[in-house]
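The values are calculated or read from the model by the stated rules, or taken from the named source; none is laboratory data. Here the structure is a predicted model, which is why all the values come from computation and not from measurement. No Cβ is skipped: glycine too gets one built from the backbone with ideal geometry, and neighbour counts run over all protein chains shown. For accessibility, only protein heavy atoms count, side chains too; no ligands or nucleic acids. Shrake-Rupley method; radii C 1.70, N 1.55, O 1.52, S 1.80 Å.
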Amino acid sequence: MQITRWKQNMMDTLCHDEDISKMLKYNAPDALTRDSLTEDDKLDLVNNRIFGTTYVPKTVEQQGSYITIGIGGFIPQESFRQFSERYVMGYLYFNILVDRNLMLMDEGYRQDLILQRVYDLFQDNNFYGMGRIQEGNLVENWEQDNRFGGYTLMFRVIDFK
């Protein structure tokens, strides 16, 4: 299992995406039309707006948008009522949280636009496990007395045991 490498790759992919980096950095409704971030600004999003943990590990004192990553649920792969001793199946979770005062953007809702980009970047991606990862579930997510809202997007991954 290569969980640490997977998380680092996922965070790197997220921070280097032009649209995601702008929506996480700029709180304004016109975030997508603002200047592109520098390489340093993009890397600064990691552990400030993009976390390799399921939760934001620090107290949030300012408005913002966040993406957190979780990995879990790895069990022997089941297929047609047969369990594999060689392969495991698990899940990659992306939690998208947006301050409710920042949700509305010129192009739509910030959490929806971030969700769309995360889905486009990772659906059918073959850099994690073997084969291609596939969406497994999507649920709405509200945190901190509804101060932050968004989604939890889950992808299914299969890998060697």
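A few points about this structure:
Let's see how each residue does on (1) over 16 Å from the mean Cα position of the chain (by Cα); (2) touching a residue at least 12 places away in the same chain (Cβ under 8 Å); (3) over 20 Å from Leu153 (Cα atoms):
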position: Lys7; (1), (2), (3): no, yes, no
position: Met10; (1), (2), (3): no, yes, no
position: His16; (1), (2), (3): no, yes, no
position: Lys25; (1), (2), (3): no, yes, yes
position: Leu37; (1), (2), (3): yes, yes, yes
position: Lys42; (1), (2), (3): no, yes, yes
position: Arg49; (1), (2), (3): no, yes, no
position: Tyr55; (1), (2), (3): no, yes, no
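- Residue tally, condition in contact with a helix residue (DSSP H, G or I) (Cβ under 7 Å, 6 or more places away or on another chain), open to solvent by less than 50 Å² (accessible area, probe 1.4 Å), part of a loop (DSSP other than H, G, I, E, B) and not charged (D, E, K, R), over the stretch 1-45: 2
- Every pair of residues 6+ apart whose Cβ atoms lie under 9 Å, when the first sits in the stretch 113-128 and is in contact (Cβ under 8 Å) with a residue 40 or more places away in the chain while the second is of a type in the set (Phe, Trp, Tyr) and open to solvent by 20 Å² or more (accessible area, probe 1.4 Å): Ile114/Tyr151; Val118/Tyr151
- Residues of the stretch 136-155 classified as open to solvent by less than 20 Å² (accessible area, probe 1.4 Å) and aromatic (Phe, Trp, Tyr), total: 2
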